[in-house]
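Single-structure report; data block below.
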Amino acid sequence: MLREIRPAIVLLLVLTAITGLAYPLAMTGIAGMLFPAHAQGSLIEKDGKVVGSALIGQEFKDDKYFHGRPSATLAPDPDDATKTVPAPYNAANSGGSNLGPTSKALADRLKEDVDGLKAENPNAAVPVDLVTTSASGLDPDISPEAAQFQVPRVAKARNLPDAQVSQLVAASTQGRLFGLLGEPRVNVLALNLALDRATAK
């Protein structure tokens, strides 16, 4: 019996070493050499200090900044460990909500968000990505339409011409990958940093 078990154990150990240790280390090393910024998390720096990642959204509430998509991520309630509280863009607990189209809580939240955005810019249709969450709850990007929708508010808060802020949005818009894959998008953190740089001059 030992003669039959020994090859199985040896094969298990060899495959574990190859697929569980050698292969991941090799891929990590190759990724680090070919794509160093991506391998380190696509970190974004400002004045030599890391302020975020291009891959994870952040919550911006101030009128002088562009806002991202709503986030449905949660965290444990510090006062009651059996409950959770909203924690926008919580990368430790990514995921969308489980609220469906018949949920009153979801309908109420959507109505409140749409009404707030209509009050902000009554002459434009509200882009859907400004009121809906992504599947991960961490989406760092918004559509160019969602960014342009916010231009009047941001321009007014910064005392800038709408055209200047709109040009920043256009300059920050990324096209489809290889011209085919995905949709045009604007990274909210990168756009807000570009806005800070433009107003600091």
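Numbers for the structure displayed
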{"read-out": "Subset of region 40-52 [modelled with pLDDT under 85 and not aliphatic (A, V, I, L, M)]", "value": "Gln40, Gly41, Ser42, Glu45, Lys46, Asp47, Gly48, Gly52"}
{"read-out": "Odd one out for Leu189, checked against (1) more than 19 Å from Ala72 (Cα to Cα); (2) modelled with pLDDT of 90 or more", "value": "(1)"}
{"read-out": "Subset of region 40-59 [part of a loop (DSSP other than H, G, I, E, B) and closer than 19 Å to Ala92 by Cα]", "value": "Gln40, Gly41, Ser42, Ala54, Leu55, Gly57, Gln58, Glu59"}
{"read-out": "Tally of residues being more than 30 Å from Ala200 (Cβ to Cβ) and open to solvent by 70 Å² or more (accessible area, probe 1.4 Å) across region 15-48", "value": "13"}
{"read-out": "Filtered residues of region 55-87 (kept if surrounded by 16 or more Cβ atoms within 10 Å (Cβ to Cβ), under 27 Å from Ala157 (Cβ atoms) and either without any contact (Cβ under 8 Å) to a residue 24 or more places away in the chain or out of contact with any Gly (no Cβ under 8 Å at 6 or more places or on another chain) (or both))", "value": "Ile56, Lys64, Tyr65, Phe66, His67, Pro70, Ala87"}
{"read-out": "Selection status of Val169, touching a Phe, Trp or Tyr at 6+ places or on another chain (Cβ under 6 Å) and of a type in the set (Val, Ile, Thr)", "value": "no"}
{"read-out": "All positions within region 89-117 that are touching an Asp or Glu at 6+ places or on another chain (Cβ under 9 Å) and open to solvent by 50 Å² or more (accessible area, probe 1.4 Å)", "value": "none"}
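Residues are listed down the side, and each one gets a yes or a no for (1) at pLDDT below 90; (2) over 30 Å from the mean Cα position of the chain (by Cα); (3) not in a loop (DSSP other than H, G, I, E, B):
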residue: Leu13; (1), (2), (3): no, yes, yes
residue: Thr19; (1), (2), (3): no, yes, yes
residue: Leu25; (1), (2), (3): no, no, yes
residue: His38; (1), (2), (3): yes, no, yes
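The values are calculated or read from the model by the stated rules, or taken from the named source; none is laboratory data. Keep in mind the model is a prediction, meaning the values are calculated, not measured. All Cβ positions, even for glycine, are placed from backbone atoms using ideal geometry, and neighbour counts span all protein chains on display. When the accessible area is computed, the model is the full protein with side chains, heavy atoms only, and any ligands, DNA or RNA have been set aside. Shrake-Rupley method; radii C 1.70, N 1.55, O 1.52, S 1.80 Å.
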